[in-house]
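S.K.: Below is the structure I would like to discuss, written out as structure tokens.
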Amino acid sequence: MELLLPLIIALVVFGVIGALVYVGLREDSGRDPLQDRLAQYETEVIPDSLEEIELSLSFRDRIILPAVETLSQIVVKFTPQKQLETTRHQLELAGQTTDPTQFFLQRILFTVIFGVIGLLLGFVVMSVPIGEAILYTFGGLALGYYFPVLSLRSKIKKRQENILKALPDALDLLTICVEAGLGFDAAMGKVYEKWDNELALAFGRVLREIQLGKLRRDALKDMADRMDVPDVNTFTAAIIQSEQLGVSMSKILRVQSDQMRTKRRQRAQEKAQQAPVKMMIPMVLLIFPSIWIVLLGPAVIQVMNLGVTI
């Protein structure tokens with residue numbers, strides 16, 4: 001019990017640090033910081049010194065973000081460049097704009113916090129032997145270290161599934177727009193204007209990159225790399241080949257649309273065929289025991305009563 005107070009203090013400190021970092025890294029998509037600053041200077045008197053300007057900033061901008069940047073630079077020094085590039089690619093696949101150094105910093109904070117929680121559970125709350133308490137601690141450390149990775153993989157999988165679902169309809173709209181006389185870039189712009197999903201946002205980024213001077217084929221290749229979806233890779237390869245060979249874009253889009261719709265139908269049929277197999281587990285573990293209890297329960301009770309009266 002002598003370690004109770006220091007452990008509680010450590011848990012509170014790391015919890016506060018984790019909360020501050022989370023608030024600092026959280027993106028507020030509903031507000032524009034530039035517009036907030038301009039509105040502030042429209043209504044207030046311009047400060048006379050740099051100190052007043054710095055004090056006018058929020059707590060997040062003055063303390064949390066600089067502290068996170070400093071810790072991120074320290075993390076960079078001890079992280080291999082190849083691992084940073086791999087993590088950056090994983091974050092792009094998940095559709096996030098978080099810097100890899102900040103992701104590693106989050107892993108470190110989660111590791112420390114979960115490790116302290118496991119230490120408290122093992123030595124204070126449950127009061128198990130030292131060996132089991134150490135196992136609780138190492139279990140908390142491992143869980144905290146791999147929790148951000150598992151969360152990132154889940155986001156990647158969910159994003160790829162959303163892209164797969166939206167791709168056939170997007171190709172239909174592209175085909176209609178191109179056959180109506182629009183160019184391919186304008187057709188992508190229509191998809192970006194009409195929808196608000198991961199694929200439409202990717203098309204919007206491609207259009208912005210093209211406007212900034214990047215070649216269309218390079219922008220499409222980068223889009224496919226940021227998604228890592230086989231159907232998107234097939235679609236971008238067909239568009240690039242049609243551009244290089246001079247094939248009609250409308251025919252290519254029509255063929256791609258038919259193929260993607262056929263693939264979506266086949267995936268739906270595959271999931272429908274897998275459903276009976278997946279239903280066996282809850283049926284065997286949950287439904288069948290309940291049926292046996294309902295059917296045989298009264299008979300068992302009657303047999304037990306007869307045995308008692310004899």
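S.K.: Would you kindly give the portion of the calculated P(r) for region 92-149 that falls above 15 Å, as a percent of all Cα pairs?
M.R.: 52
S.K.: Sticking with the crude label model, points 7 Å out along Cα→Cβ, report the distance from Ile176 to Ile210 in nm, one decimal please.
M.R.: Each label point is offset 7 Å from its Cα along the Cβ direction, giving 2.0 nm.
S.K.: Determine, for each peptide in 121-132, 182-193, 269-280, the mean count of other beta carbons within 10 angstrom over its residues, then list the peptides with the highest first.
M.R.: The packing order, highest mean first, is 182-193, 121-132, 269-280.
S.K.: Then there is this: Based on the Cβ-Cβ distance from Ala186 to Gln269, what FRET efficiency comes out when R0 is 22 Å, to the nearest 0.05?
M.R.: Working from the Cβ atoms, E equals 0.05.
S.K.: Residue separation times 0.36 nm, minus the C-alpha to C-alpha distance between Ala142 and Gln73: what's the value?
M.R.: 22.4 nm
S.K.: Related question: Roughly what percent of Cα-Cα pairs across region 198-287 reach past 15 Å?
M.R.: In whole percent, the share of Cα-Cα pairs in region 198-287 beyond 15 Å is 70.
S.K.: What FRET efficiency, computed as 1/(1 + (r/R0)^6) with R0 = 51 Å and r the Cβ-Cβ distance, is obtained for Thr97 and Leu295, rounded to the nearest 0.05? Walk me through the numbers before you get to the answer.
M.R.: Numbers: r = 58 Å, r/R0 = 1.14.
Once rounded, the FRET efficiency stands at 0.30.
S.K.: Does anything in region 253-287 have its amide N under 17 Å from the 7 Å Cα→Cβ label point of Thr234, and if so which residues?
M.R.: Output list for this probe position: 253-271.
S.K.: Across 10 Å bins from the origin, how do the percents of Cα pairs in region 145-302 run, short distances first?
M.R.: Per 10 Å bin, starting at 0, the Cα pair percentages come out as 9, 29, 25, 13, 9, 7, 4, 2, 0.
S.K.: Could you sort out which of Lys155/Lys271; Lys82/Lys157; Lys158/Lys194; Lys157/Lys214; Lys82/Lys155 sit more than 27 Å apart by Cα distance in this structure?
M.R.: Checking Cα-Cα distances, Lys157/Lys214 exceed 27 Å.
Here, each number is a calculation from the coordinates, and none is a lab measurement. In this text the structure is predicted, and so the values were computed from the model without any measurement. All Cβ positions, glycine included, derive from the backbone under ideal geometry; neighbour counts span all protein chains shown.
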